[in-house]
Amino acid sequence: NTFGGVNEIRRPVYDGSDLGPDLSRAGCSDRQFWVLANSTFGRGGRVLRRVEYYEMLSCWDYEGKLESQHWSLAQRRTIAELRLANPPGKIIRHFVFHACSLFDLTDDGPADETTNGEAGLTADVKYSPLELNVETRAVAARADDAEVDLSQWALPDESAEVAHARVVLRRFAVRWWAHYQTRQARKWLEDNADTVGRADAEGVEDCLRRCHATTYWSWNRGSRLMFWKFPPEWLADARDGIPFWHSCPPPKGFRRNPPAISRSAEIEMRKKIFRLRFRWYLEPGAVSLLTP
């Protein structure tokens, strides 16, 4: 159509919460279709935009959000045509898994056939050491400071020397990892010295002190996103978090907690608060809302 001397091309718009088009039949220019979708950067309502390349791949059950960032236009077009010419990724993965299982001649998994035509018993199904503790660990409530059950990673008839050697290797691995993260962070600060601000420098130091205080199994001083590893457009959100949108000013008030029902309950509550402070999740500052 022509409107005011300008050629008008009409494109269908799809609902972001509903079904999209059949990508296998769509042309190259129609694969990144238009969609009316919600936006986390607005104050409400929806925005009209084209789907991103990785979103188009996810419709076909393929990942590619990070790996496709540095692909050229020709690479994106070729990979999209190859993937859309085949069944969705979920179907391929499901088929390949079962096909490979048929060639697996080991006797590590549960048997699929019964002898003499009798129904098999649940007790006859073999389980790995990790599966044996799944039911008990899922039912039992673990305390926040409970020790890690190392028996799940132990070898059959493991000696004390082998167990101790594994502990030493884990300590070395976590120290090397913390040192490597420090080198990467320092290099990022040096390479971006012209654009790095005070919030970036303080955030890096906060991440590094948590890395050096961690163990192989636990973040003893809390964890935080290593924001410098994110793409530039997401760096600020990874460092500071996404702010909440309010339709009106938030409430203010100071309602004190009711008395604990017992001395032990009060001690447990204070232990939880101390753990939050110890992990640097609670910081001193002005408070405008306090609820029990």
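The values are calculated or read from the model by the stated rules, or taken from the named source; none is laboratory data. Computed from a predicted model, the values in this text were never measured in an experiment. Accessible surface is based on the protein model in full, side chains and every heavy atom, while ligands, DNA and RNA are left aside. Shrake-Rupley method; radii C 1.70, N 1.55, O 1.52, S 1.80 Å.
Some observations on this one:
- Accessible area of segment 165-218 belonging to carbon and sulfur atoms, whole % at 1.4 Å probe: 55 percent
- For segment 148-292, accessible area per residue (1.4 Å probe, heavy atoms of protein chains only), Å²: 79 Å²
- Relative to the current alpha-carbon distance between A163 and D237, full extension at 0.36 nm per residue lengthens the span by 22.5 nm.
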